[in-house]
């Protein structure tokens, strides 16, 4: 499951006919809640698409995409399957395009698409009075509306200043792309909840302001409370898989009076909002004295300073806590990474593979595993030395990252042996993947420390999870036995565990 969504965005996915990688990308786009329009490489793009994801698997696809760029200005995310293809695409790209790889994580994939769409929106000539992210008014436009509202004494108009609670926690834990998604969702909620004639603006960051005109003060207050009550109903777990997070907001309300300027009204609403945050987050606070009477508390500015200082202290504590948690999580992630190849290590396999098996069984899905070994690796170390051997291992990691889907993962099992886990893929797809990996790696040159260029080959064993496998050990053992058969049959080949001959039965009479 991806971390972020692009709900409702129409994406044209262009790829060669029959591309297995394109099927995986289409599934990821569907998880992002995009409307996917499949097209063949070189085919004219549909006008209804807002952006394009172009898969480049070979030189012919790169040439076709070059011609498409000349005919269309559609924002395009180019996904190259190898480093060489990515480098070949660079001269063709301009500000309408972004470049990624098949190995991008789901979060990076979503972030690249969102940035590309945001850039296209900015370049389309959007009004400076419209916030590019949310589509609401900017602060400048809102202040103009606020000045006009103060000239209409026959209306009861409230100025609502709203600030999202713990928004920094969302950004820190889920990333800024997730934060943007939340801001966009809050803006949509406000547009749905309030009337078309109500002015709504994003003042800055996670702060919003509204001008709400109703028949009475009580009606304005009721409308503001109802809006706050709707905030926690936005389902963060659905999009970000964080059940502990909920959106809520604190709000301050003051009432527009002819004799009070807009800057003072904004200050009053801000003071009330801080009062709400300090007393009980997720609530509404009404500025005292906004009914035209003198404030009952003469020290409101002092109180506002105290509230702001208190919140600043709380946020500092949150930042220190998050930083400490981040350092711990980073250390845990680093412990799961092979320092030489940047791939996962055996520790990660031991922890993650049982979870993949459990997930596949719960969802009644498929799961395949490929175990690969670099042929005659010991000769490299003996002939060229260990530093060149390190380069051979790193070249494997680079090729593997360029070919796997975002849902797959690769780990170094030990020495020159690697494991590639393919969730949702059956054994036939895994065999095709392993053969593709074998061919690409065999054609990938490696340069020794002395400058000598050579290439290496791979042997692979492929297995699909079956009902008779009781543990991750059974799955790995089956793949390793298939790998040993590939070695015994001459190396540089792929063997399937399902093709193994059954062990001979012993005669009971012997």
**OP:** Label the range 323-468 by shape, choosing from rounded, prolate and oblate, from the square roots a ≥ b ≥ c of the eigenvalues of the Cα gyration tensor; if a/c is under 1.5 it is rounded, and otherwise prolate applies when a/b is larger than b/c, oblate when it is not.
**Re:** oblate
**OP:** Going by C-beta contacts inside 10 Å, put 277, 346 in order with the fewest on the left.
**Re:** 346, 277
Original post:
Hey, with R₀ at 45 Å, roughly what FRET efficiency would residue 352 and residue 40 work out to, going by the Cβ-Cβ distance, to 0.05?
Top reply: 0.80
Subject >> Taking 476, 286 and counting other C-beta atoms within 10 Å, the order from fewest to most >> reply: 476, 286
Original post:
Where the centroid of each part is defined by its Cα atoms, how far is the range 188-213 from the range 382-421 in Å?
Top reply: 52
Original post:
If each of residue 376 and residue 489 carries a label point 7 Å out from its Cα toward its Cβ, how far apart are those two points in nm?
Top reply: 2.0
**OP:** Between residue 156 and residue 339, with labels modelled 7 Å along Cα→Cβ, what's the label distance in nm to one decimal, could you check?
**Re:** 7.0
**OP:** Using only alpha carbon positions, build the gyration tensor of the range 336-417, then give the equivalent ellipsoid semi-axes as the square roots of 5 times its eigenvalues, largest first, whole angstrom.
**Re:** 28, 12, 11
Subject >> Förster radius 51 Å - calculated FRET efficiency between residue 447 and residue 215 (Cβ-Cβ, nearest 0.05) >> reply: 0.05
Original post:
Relative contact order, percent, of the range 10-123 when contacts are C-alpha pairs under 8 Å separated by at least 6 residues?
Top reply: 23
**OP:** Would you kindly give the portion of the calculated P(r) for the range 10-123 that falls above 24 Å, as a percent of all Cα pairs?
**Re:** 13
Subject >> Gain on full stretching of the segment that runs from residue 63 to residue 130 - 0.36 nm per residue minus C-alpha separation >> reply: 20.2 nm
**OP:** Report the relative contact order of the range 346-499, percent, no decimals, based on alpha-carbon pairs under 8 angstrom and at least 6 residues apart.
**Re:** 30
Original post:
What is the distance, in nm, between label points placed 7 Å from the Cα along the Cα-to-Cβ direction at residue 27 and at residue 455?
Top reply: 3.0
Subject >> Residues of the range 382-424 with amide N under 18 Å of the 7 Å Cα→Cβ point at residue 108 >> reply: 394-412, 421
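Bear in mind that the values in this text are calculations on the coordinates, not laboratory data. In this text, all values refer to a predicted model and were calculated from it rather than measured experimentally. All Cβ positions, even for glycine, are placed from backbone atoms using ideal geometry, and neighbour counts span all protein chains on display.
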